[in-house]
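Take a look at the structure set out below.
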Amino acid sequence: MNSQIKRIERMERILDEGKMVVDNLNRALEEYKHIQSEIKELQNYYENGGWMEDFKDDEAGKLPKDLKRGVLSEDSIYNFLSDYDEIKSKLRV
């Protein structure tokens, strides 16, 4: 009887945790689905010359000093797009 109760309690914990994780994943996948077109826009910006033009203008001091420019970091956008490709690969599994 004691082992049965422990088993039921364990299964209850697994169910509760599993439901929470699956609910969180479903929300994250919905957010991921909705941002796809914007990420493609960012990828096109990086790969098709827009980024390089903006980067050069920033280096030349042509952009306002108070402009948020994380996207112009040489590593930031590349690392993000690499992480994005890794996520896409994991989702194909």
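Loop-only check: which trypsin sites (Lys or Arg not before Pro) in region 33-65 are DSSP coil with at most 14 other Cβ within 10 angstrom? Numbers along the way, then the final one.
Values: sites: 33, 40, 56, 62, 65; in loops: 62, 65.
Answer by residue number: 62, 65.
Along region 77-84 the Karplus relation, 6.51 cos²θ - 1.76 cosθ + 1.60 evaluated at θ = phi - 60°, assigns HN-Hα couplings of 5, 4, 4, 4, 5, 5, 4, 4 Hz to successive residues, with x for each Gly and Pro.
If R0 is taken as 35 Å, the Cβ-Cβ distance between residue 71 and residue 19 corresponds to a FRET efficiency of 0.40. Of the residues 35, 20, 81, the one whose Cα sits farthest towards the positive end of the charge dipole of the chain is 20 (charges of +1 on Lys and Arg Cβ, -1 on Asp and Glu Cβ, taken about the Cα centre).
The phi torsions of region 27-38, fed into the Karplus equation with coefficients 6.51, -1.76 and 1.60 and a -60° offset, translate into couplings of 4, 5, 5, 5, 4, 4, 4, 6, 9, 3, 5, 6 Hz, rounded to whole numbers, with Gly and Pro shown as x.
Cβ crowding within 10 Å ranks 39, 87 as 87, 39, fewest other Cβ atoms first.
For the chain, the 222 nm mean residue ellipticity estimated from helices alone, with every DSSP H stretch of n ≥ 4 adding -39500 (n - 2.57) and the total spread over all residues, rounds to -27500 deg cm²/dmol.
Computed from the coordinates by the stated procedures, all read-outs in this text should not be read as laboratory data. Not measured: the values here are computed from a predicted model. In this analysis, Cβ positions are derived from the backbone assuming ideal geometry, glycine residues included, and neighbour counts consider all displayed protein chains.
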